[in-house]
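To start, the structure under review is shown below, and the notes come after it.
The values are calculated or read from the model by the stated rules, or taken from the named source; none is laboratory data. Keep in mind that this is a model prediction, so the values were computed, not measured. Neighbour counts run over all protein chains shown; Cβ positions are idealised from the backbone, glycine included. Accessible surface areas use protein heavy atoms only, side chains included; no ligands, DNA or RNA. Shrake-Rupley method; radii C 1.70, N 1.55, O 1.52, S 1.80 Å.
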Amino acid sequence: MAVWQPEYELMPREQIREDQSKKLRWQVERMYKTVELFRKRMDEKGLKPEDISGVDDLCKLPFSYKQDLRDYYPYGLFAVPMSEIRRVHASSGTTGKQIVVGYTDNDLEMWADCFARMLIAVGADENDFVHVGYGLGLFTGGFGAHDGAVRIGATAIPISAGNTQRQIQTMIDFGSTVLCCTPSYAMYLGEVIEEMGVKDQLKLKAGIFGAEPWTEEMRAQIEEKLGLKAYDIYGLSEIMGPGVSYECEYQCGMHVCEDNFIPEIIDPDTGEVLPEGSQGELVFTTITKEGFPLIRYRTRDICSLNYEQCKCGRTHVRMNKPQGRTDDMLIIRGVNVFPSQIEEVLLNVGGNVTPNYQIIVDRENNTDTFQVNVEMSEALFAEGMKGIEKTTKLISEKLRSTLGIGPKVNLVNPKSIERSEGKAKRVIDKRKLK
Amino acid sequence: MFIKQLSVFVENKHGRLQAIIDKLSENGVNIRALSIADTTDFGILRMIADDNEKAKGVLADAGVISTSTDVIAVYIDDKTGGLAQVLKIVTDAGISIEYMYAFLGRKEGKALMVLKADNEPLAEKVLSENGIALANPDEL
Ligand SMILES: [Zn+2]
């Protein structure tokens with residue numbers, strides 16, 4: 001088993017805590033001096049840097065949010081003079097203004113090492129050809145993978161995104177062995193490779209896919225079509241970019257680079273840290289980053305952490321694939337409900353059921369009401385009263401067993417669910433209006 | 001002789017039935033018989049219109065789902081035992097009746113009932129053999 005930085009990756013857990021505590025103290029102290037917003041929030045809580053003696057005090061620190069990056073755009077949250085910033089990256093996200101982040105020389109080194117850990121974990125070395133199919137630009141994906149490949153001494157192929165035919169020809173001609181791109185692009189590459197009938201000319205052995213949600217079914221399809229082993233990588237530009245956490249050869253959760261990032265799982269409503277193993281919102285504190293550090297950054301991703309020692313020997317905690325976003329999560333009668341779970345039930349229930357749905361939550365007599373509207377289809381209506389009743393009963397039962405809470409299933413006219421810009425409005429939470 | 005019945009999906013929402021009926025009448029569709037069946041989740045409006053195809057088109061334009069079904073319309077003597085006589089013929093033939101409902105008008109001492117059986121051709125056959133009059137589409 002190859003490990004890139006055994007001194008960190010295999011560090012005993014007690015030592016990890018000590019190391020993190022030391023780095024956290026350093027970070028809090030310097031940020032209090034250099035980042036105005038952080039100082040303001042500490043002062044509001046009546047906290048001084050000396051009140052933070054280690055990881056145990058992490059929960060006292062104020063949170064930071066995506067909105068902060070917009071409010072202090074472009075450089076208001078940077079913690080070093082711009083002369084020390086060597087590179088910036090930006091992301092626009094799906095809504096609103098773009099955000100910008102910056103890296104010092106040390107930050108770029110650290111990032112390259114994090115990505116290098118993953119490359120080594122998936123079996124790459126200096127003899128490999130790393131095909132970087134993420135966009136090389138302001139998006140963190142491309143440069144993250146590129147720098148990681150260079151760091152381990154592999155040959156980087158910075159082809160960037162797009163031009164699928166040329167991507168595939170390059171893979172064949174240059175002998176790409178490790179593919180880095182988004183999972184949806186990997187699926188597409190797989191389809192085109194199948195059409196071209198060139199799978200046997202490829203030398204791919206591993207794929208590193210991230211930057212968007214993907215399922216185990218997609219993993220199986222990608223592995224089959226591209227003839228490689230597909231690994232999941234996690235990252236976000238606010239924290240660093242790809243490589244914040246990554247799957248090792250055992251593919252059983254993503255190891256968080258805990259020598260640089262401390263993860264916490266909190267209740268998104270109360271902000272309380274949840275007991276070990278609970279599912280909740282993932283929060284990160286960057287303890288080594290110089291240019292653009294963040295304390296207790298709310299990722300809005302929902303997942304859980306597993307501190308059990310991994311079979312690979314790495315001691316760093318593993319996070320599971322995020323199950324959804326807090327933006328989408330509803331708490332109904334105390335139960336967490338994600339719209340994606342409802343969509344999945346509707347897709348799997350079979351028959352003539354459409355996955356066009358809308359969730360309506362309200363409050364009556366201090367109790368939440370929960371209704372799922374599903375659009376009727378011609379085919380389902382043609383089944384007649386008994387057929388329709390049987391189907392709605394099946395949907396109700398499946399939703400109850402999946403969610404742990406039973407909604408009232410209501411059939412509505414086709415195309416009656418409100419759509420804006422082609423996207424259906426999936427949730428109407430009337431509780432907020434009161 | 002079968003006649004065309006339209007089954008219309010009615011959302012479980014206040015005013016939906018009214019909206020459907022209004023839409024049909026605005027477009028000059030005349031409803032000759034109707035019944036509504038509902039569950040807690042949705043309703044089905046069953047109706048015989050003077051112009052089934054037109055009614056279906058009007059509803060489709062309004063985004064309402066409907067399907068056409070063949071049913072039979074039976075003349076029943078408008079006196080005690082008239083309905084019982086028809087039901088006995090059908091039941092004796094081993095046919096189950098899924099639902100029935102009455103036409104709005106009546107005609108010289110006869111009531112007109114819509115009958116949906118699990119085996120419509122057989123129902124038509126046994127009723128005719130027993131001298132029960134069935135309505136033609138153009139009589140409606
Ligand atoms: Zn592992």
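Of the numbered criteria (1) modelled with pLDDT of 95 or more; (2) within 21 Å of the chain's Cα centre (by Cα), the one A:Thr104 fails is (2). Taking A:Ala112 as the residue in question, decide whether it is buried (at least 19 other Cβ atoms within 10 Å of the Cβ), within 16 Å of the ligand (Cβ to nearest atom), in the same structural domain as A:Met171 (by TED's automatic domain parsing) and not in a loop (DSSP other than H, G, I, E, B). Taking the combined requirement at face value, the residue does not satisfy it. Among the residues of this structure, A:Glu378 counts as one that is within 14 Å of another protein chain (Cβ to nearest Cβ), open to solvent by 20 Å² or more (accessible area, probe 1.4 Å), over 21 Å from the mean Cα position of the chain (by Cα) and in contact (Cβ under 8 Å) with a residue 12 or more places away in the chain.
From the list A:Val345, A:Val353, A:Val349, A:Val335, pick out the single residue that is free of Cβ contacts under 8 Å to residues at least 60 places away in the same chain, away from the ligand (no atom under 16 Å from the Cβ), in the same structural domain as A:Gly384 (by TED's automatic domain parsing) and out of contact with any Ser or Thr (no Cβ under 7 Å at 6 or more places or on another chain).
None of the others qualify; the one that does is A:Val349.
The helices (runs of 4 or more DSSP H) located wholly in region A:322-424 that include 1 or more residues which are under 30 Å from A:Val256 (Cα atoms) occupy A:339-348, A:384-403. Determine whether region A:280-287 contains at least one residue that is of a type in the set (Asp, Glu), assigned by TED's automatic domain parsing to the domain that holds A:Leu10, open to solvent by 10 Å² or more (accessible area, probe 1.4 Å) and more than 16 Å from the ligand (Cβ to nearest atom). Looking through region A:280-287, none of the residues is of a type in the set (Asp, Glu), assigned by TED's automatic domain parsing to the domain that holds A:Leu10, open to solvent by 10 Å² or more (accessible area, probe 1.4 Å) and more than 16 Å from the ligand (Cβ to nearest atom).
Residues being more than 16 Å from the ligand (Cβ to nearest atom) and within 13 Å of the chain's Cα centre (by Cα): count how many of those fall in region A:241-274.
Residues meeting the conditions: 2.
For region A:77-97, the condition holds for at least one residue, the condition being that it is more than 23 Å from A:Gly135 (Cα to Cα) and of a type in the set (Ser, Thr, Tyr).
Let's see how each residue does on (1) within 14 Å of chain B (Cβ to nearest Cβ); (2) at pLDDT 85 or above:
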{"position": "A:Gly384", "(1), (2)": "yes, yes"}
{"position": "A:Leu394", "(1), (2)": "yes, yes"}
{"position": "A:Arg400", "(1), (2)": "no, yes"}
{"position": "A:Asn413", "(1), (2)": "yes, yes"}
{"position": "A:Gly422", "(1), (2)": "no, no"}
{"position": "A:Val427", "(1), (2)": "no, yes"}
{"position": "A:Lys430", "(1), (2)": "no, yes"}
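Anything in region A:83-101 that is open to solvent by 80 Å² or more (accessible area, probe 1.4 Å), over 22 Å from A:Ile152 (Cβ atoms) and modelled with pLDDT of 95 or more? List them, or say none. A:Ser83, A:Glu84, listed by residue number. Within region A:310-328, residues that are near the ligand (Cβ under 8 Å from one of its atoms) reach partners that are part of a strand (DSSP E or B) and open to solvent by 50 Å² or more (accessible area, probe 1.4 Å) with beta carbons closer than 8 Å, at six or more positions or on different chains, in the pairs A:Arg318/A:Asn306. Inspect all residues belonging to region A:288-301 and state whether any of them is within 16 Å of the ligand (Cβ to nearest atom) and assigned by TED's automatic domain parsing to the domain that holds A:Gly123. No: region A:288-301 contains no residue that is within 16 Å of the ligand (Cβ to nearest atom) and assigned by TED's automatic domain parsing to the domain that holds A:Gly123. The test for being within 14 Å of chain A (Cβ to nearest Cβ), out of contact with any Phe, Trp or Tyr (no Cβ under 9 Å at 6 or more places or on another chain) and open to solvent by 70 Å² or more (accessible area, probe 1.4 Å) does not hold for B:Asp50. Just one of the listed residues (B:Ile44, B:Ile3) is farther than 13 Å from B:Val114 by Cβ, touching a helix residue (DSSP H, G or I) at 6+ places or on another chain (Cβ under 7 Å) and either buried (at least 19 other Cβ atoms within 10 Å of the Cβ) or away from chain A (no Cβ under 13 Å) (or both), namely B:Ile44. Of the residues making up region A:109-166, those that are under 15 Å from A:His89 (Cα atoms) and free of Cβ contacts under 8 Å to residues at least 24 places away in the same chain are A:Gly137, A:Gly142, A:His146. Residue check: is A:Cys303 open to solvent by less than 20 Å² (accessible area, probe 1.4 Å) and free of Cβ contacts under 8 Å to residues at least 40 places away in the same chain? Against the criterion (open to solvent by less than 20 Å² (accessible area, probe 1.4 Å) and free of Cβ contacts under 8 Å to residues at least 40 places away in the same chain), A:Cys303 qualifies.
Selection of region A:204-216 for residues being buried (at least 17 other Cβ atoms within 10 Å of the Cβ) and over 27 Å from A:Glu126 (Cα atoms) yields only A:Trp214. If only residues of region A:116-145 that are part of a helix (DSSP H, G or I) and away from the ligand (no atom under 16 Å from the Cβ) are counted, the one that is most open to solvent (accessible area, probe 1.4 Å) is A:Phe143. Just need a number here: residues in region A:166-203 that are open to solvent by 20 Å² or more (accessible area, probe 1.4 Å), under 12 Å from A:Leu228 (Cβ atoms) and touching a helix residue (DSSP H, G or I) at 6+ places or on another chain (Cβ under 7 Å). Total satisfying the criteria: 2.
In this structure, does A:Gly384 turn out to be under 30 Å from B:Ser7 (Cα atoms), more than 16 Å from the ligand (Cβ to nearest atom) and open to solvent by 20 Å² or more (accessible area, probe 1.4 Å)? Yes, satisfied. The set of residues in region A:359-375 that are in contact (Cβ under 8 Å) with a residue 40 or more places away in the chain and either among the polar types (S, T, N, Q) or farther than 17 Å from A:Leu411 by Cα (or both) comprises A:Asp362, A:Arg363, A:Asp368, A:Asn373. Criterion applied to A:Gly235, A:Gly207 was being free of Cβ contacts under 8 Å to residues at least 40 places away in the same chain, of a type in the set (Gly, Ala, Ser) and more than 16 Å from the ligand (Cβ to nearest atom), and the one residue passing it is A:Gly207.
Just for region B:11-41: of the residues that are touching a helix residue (DSSP H, G or I) at 6+ places or on another chain (Cβ under 9 Å), assigned to a strand (DSSP E or B) and more than 9 Å from chain A (Cβ to nearest Cβ), which one is most open to solvent (accessible area, probe 1.4 Å)? Selected residue: B:Ile36.
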